[in-house]
1. Given +1 on the Cβ of Lys and Arg, -1 on the Cβ of Asp and Glu, and no further charges, what dipole in debye does the chain carry about its Cα centre, rounded to the nearest 20?
2. Which whole-angstrom value gives the distance between the alpha carbon centres of region 90-136 and region 6-21?
3. Amide H neighbours of Leu73 under 5 Å, counting only residues 5+ apart in sequence or on other chains, H built in-plane at 1.01 Å?
4. For Asp6 paired with Thr33, estimate the spin-label separation in nm (one decimal), with each label point 7 Å from Cα along the Cα-to-Cβ line.
5. Share of the chain's accessible area from carbon and sulfur, percent, 1.4 Å?
6. Mind ordering 111-117, 29-35 by average Cβ neighbours within 10 Å, highest first?
7. Given the options Val37, Ala61, Met102, identify the residue whose Cα lies farthest towards the positive end of the charge dipole of the chain (+1 on Cβ of Lys, Arg; -1 on Cβ of Asp, Glu).
8. For the chain, what is the accessible area per residue in Å², given a 1.4 Å probe and the full set of protein chains?
Amino acid sequence: MIRYTDSLHGLEPSHVDGIFDGWGWPNPPDSRTLLRVLEGSYRFWLAVDSESNQVLGFINAVSDGVLSAYIPLLKVRDTHQRRGIGRELADRMLASLDHLYMIDLICEPDVQPFYEKAGMMPVHGMALRHYENQGGAVT
Ligand SMILES: CC(C)(COP(=O)(O)OP(=O)(O)OC[C@H]1O[C@@H](n2cnc3c(N)ncnc32)[C@H](O)[C@@H]1OP(=O)(O)O)[C@@H](O)C(=O)NCCC(=O)NCCS
């Protein structure tokens, strides 16, 4: 059974271990850093295995809370993809943000059909990446 939650209650770093596997990030955030990312987010949703408490997928958003939001991360464990989890997470996040005007994200072209099915449209954008900070800023 999968439960969807926007709470970190009962969650330990070990429950998100390995969740970035298979995405091709050479230096992904470690589990504690990912929990900090979720804590610092405006909204997040998790798909959790009810028995093991393992997080199977997550999505987060940062926002000014007035006009705009940005969705930096959506990841479903490779072992659980193509079962509707990503769509459920995206739908829940977009519903959580529907009081705002701009909801943006960046993705590879091959993932655009996934987001189009969730009601989003392709746009042009610009980005800067400090790859040395991919694992999280040192604070
Ligand atoms: C992209 C991702 C989140 C999709 O999650 P998922 O749980 O596998 O997707 P779902 O099973 O909910 O798929 C929902 C629909 O999108 C389609 N879809 C899923 N992944 C897709 C992809 N990569 N490209 C095109 N369509 C895709 C599914 O076929 C399904 O279509 P249907 O409703 O017509 O059956 C997941 O593949 C993932 O974590 N990828 C690596 C990280 C990533 O690329 N994240 C997005 C970057 S912002």
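1. It works out to roughly 120 debye.
2. Here the answer is 22 Å between Cα centres.
3. Asn60
4. About 2.7 nm, to one decimal.
5. Within the chain, the accessible surface is 52 percent carbon and sulfur.
6. By packing density, highest mean first, the sequence is 29-35, 111-117.
7. Of Val37, Ala61, Met102, it is Met102.
8. Here the per-residue accessible area is 64 Å².
The values are calculated or read from the model by the stated rules, or taken from the named source; none is laboratory data. It should be emphasised that the depicted structure is a prediction, and the values quoted were computed from it without experimental measurement. Neighbour counts are summed over all protein chains in view; Cβ atoms, including those assigned to glycine, are modelled from backbone coordinates with ideal geometry. Ligands, DNA and RNA are stripped out before the accessible areas are found, and what is left, the full protein with its side chains, is counted by its heavy atoms. Shrake-Rupley method; radii C 1.70, N 1.55, O 1.52, S 1.80 Å.
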